[in-house]
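Visitor: Below you'll find the structure I mean.
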Amino acid sequence: MAFTIGKKGTGIEQVKFENFGLSLLARGDGTEVIIQTLTKNNFFYVYPAENPNVMEFFYILSGELTCEVNGEKVKLGPQDYFTATNLEEPVHFTALTDVSYLWVITEPTFYQLSEGVKELKEVVEKVESRDVYTFKHSERVTQYSIKIAKKLSLPKVNLENLFLSAILHDIGKINIPSEILNKPSKLTNEEFELIKKHPGDGADMVKDLYYDDKIATIIKQHHERLNGRGYPGGLKGDEILLEARIIAVSDTFDAMTEDRAYRNAFTPEYAIDELQRLSPSQYDPDVVAALIEVLHEEGKLKVTSSEA
């Protein structure tokens with residue numbers, strides 16, 4: 001016989017990250033009970049399980065979020081709940097406020113999640129210690145990338161790889177001196193050659209952390225361009241992974257619409273016009289079209305010159 005009482009804030013194991021946390025409350029016979037927290041404006045997916053018999057149950061404890069099901073958005077709040085069994089495609093959630101919810105799943109999953117989070121946290125902390133701007137940029141690029149991927153109906157494994165690759169896509173910039181990263185004037189040829197090393201350096205830094213070497217490949221390719229004029233490999237067309245093409249568009253859009261040391265931010269409309277002008281020579285037009293759809297839905301984009 002076993003009878004256990006747990007006090008508020010305790011758990012078998014906990015892992016905290018800047019935007020979310022996991023606390024394992026109980027486990028037994030393959031079932032786990034977890035509390036997950038998520039900060040405002042962040043998102044998560046409930047993925048189809050590899051085992052169709054797995055059941056997941058979510059009970060919202062505090063906060064509000066939206067759920068996208070069959071093209072419709074449903075708002076959920078405290079005491080609302082949902083279940084997932086034998087899903088055919090991922091279900092997307094966005095936190096409208098800080099959220100906490102109880103998650104019961106009938107297969108062990110906490111350890112895999114917590115280990116992945118810990119590894120990711122270690123790498124991201126290296127980025128933050130080097131350049132906070134780069135990390136915030138990577139957060140935004142990740143959000144754009146996942147939203148684009150949803151429009152393109154990427155499967156579970158691609159979404160997971162894309163998420164990690166987008167968060168870490170600029171980690172190789174750790175090796176670039178701050179005075180070059182933040183230089184307000186034009187870079188010299190030698191300085192630009194240093195910048196061009198960061199995709200390869202980033203790929204080398206993460207390749208031993210994750211079982212899927214595709215993450216390193218995506219990071220290495222995120223500055224490649226469809227016409228072969230990108231770097232570091234000069235790849236063309238379908239030689240570039242779709243996930244890397246998605247990050248390329250998200251990365252460029254965010255870079256253009258945020259202030260930089262050498263210029264003020266451009267408007268979203270100007271950035272989209274530039275991306276369309278450079279499609280399909282440099283950027284994947286389907287990816288750009290998906291970004292436009294996302295921005296329109298979020299009210300962040302007026303009519304661009306190409307749509308007028």
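Since every read-out is calculated from the coordinates, none of them should be taken as a lab result. All of these numbers come straight from a predicted model, not from anything done at the bench. Glycine also receives a Cβ, built like all others from the backbone with ideal geometry; neighbour counts cover every protein chain displayed.
Visitor: Taking the simple approach of a point 7 Å from Cα along Cα-to-Cβ for both residue 113 and residue 98, what is their distance in nm?
Guide: A separation of 1.9 nm, rounded to one decimal place.
Visitor: Taking amide H positions as placed 1.01 Å from N in the peptide plane, with prolines and chain starts having none, which residues 5 or more places from residue 97, or on another chain, fall under 5 Å of its amide H?
Guide: Result for residue 97 returns 41, 64.
Visitor: While we're looking at this one, here's another question. What FRET efficiency comes out for residue 10 versus residue 273 if R0 is 51 angstrom and r is the Cβ-Cβ distance? Round to the nearest 0.05.
Guide: On the way: r = 54 Å, r/R0 = 1.05.
The formula returns an efficiency of 0.40 here.
Visitor: Which of the lysines could be linked to residue 150 by a straight reach, that is with a Cα gap under 16 Å, when you skip same-chain ones fewer than 8 residues away?
Guide: Partners within reach: 73.
Visitor: Select from the chain the helices, each a whole stretch of DSSP H, whose alpha-carbon atoms run 20 Å or more along the helix axis and whose Kyte-Doolittle mean is at least -1.0; answer none if there are none. Walk me through the numbers on the way to the answer.
Guide: Working: long enough: 110-130 (30 Å, -0.63); 132-151 (29 Å, -0.69); 242-256 (21 Å, 0.71).
Those that pass (Cα extent of 20 Å or more, hydropathy at least -1.0) are 110-130, 132-151, 242-256.
Visitor: List the residues whose amide H sits under 5 Å from the amide H of residue 80, counting only those 5 or more places along or on another chain, with H placed 1.01 Å from N in the peptide plane.
Guide: Sorted by chain and number, the residues that satisfy this are 60.
Visitor: For the chain, what mean projected area does the convex hull of the alpha carbons give, in nm²?
Guide: On the way: hull surface 70.3 nm².
Its Cα hull, projected and averaged over all orientations, spans 17.6 nm².
Visitor: Debye sum, Cα scatterers, the stretch 13-108, no solvent: what log₁₀ I/I(0) at q = 0.13, 0.17, 0.18, 0.24 1/Å?
Guide: The Cα Debye sum returns log10 ratios of -0.43, -0.76, -0.85, -1.39.
Visitor: Let me understand the stretch 142-216 better: what is its radius of gyration from the alpha carbons, and its Dmax, in angstrom?
Guide: 15.0, 42
Visitor: On alpha carbon coordinates alone, what is the Rg over Rh value for the stretch 114-297, Rh being the Kirkwood radius?
Guide: Values: Rg = 15.5 Å, Rh = 16.6 Å.
The Rg/Rh ratio comes out at 0.94.
Visitor: Taking the number of other C-beta atoms within 10 Å as the exposure measure, put 250, 100, 281, 138 in order starting with the fewest.
Guide: 281, 100, 138, 250
Visitor: Picking from 286, 201, 29, which is most flexible by a Gaussian network model of the chain using Cα springs under 10 Å?
Guide: Judging by the Gaussian network model, the answer is 29.
Visitor: Calculate for the chain the 222 nm mean residue ellipticity that helices alone would give, adding -39,500 (n - 2.57) per DSSP H run of length 4 or more and normalising by residue count, nearest 500 deg cm²/dmol. Numbers along the way, then the final one.
Guide: Details: 10 runs with 120 residues, N = 308.
Here the helix-only value at 222 nm equals -12000 deg cm²/dmol.
Visitor: Using Cβ contacts closer than 10 Å as the measure, can you line up 27, 245, 229 from fewest to most? Mind showing how you got there, number by number?
Guide: Values: 27 15, 245 25, 229 11.
Final ranking by Cβ density, sparse to dense: 229, 27, 245.
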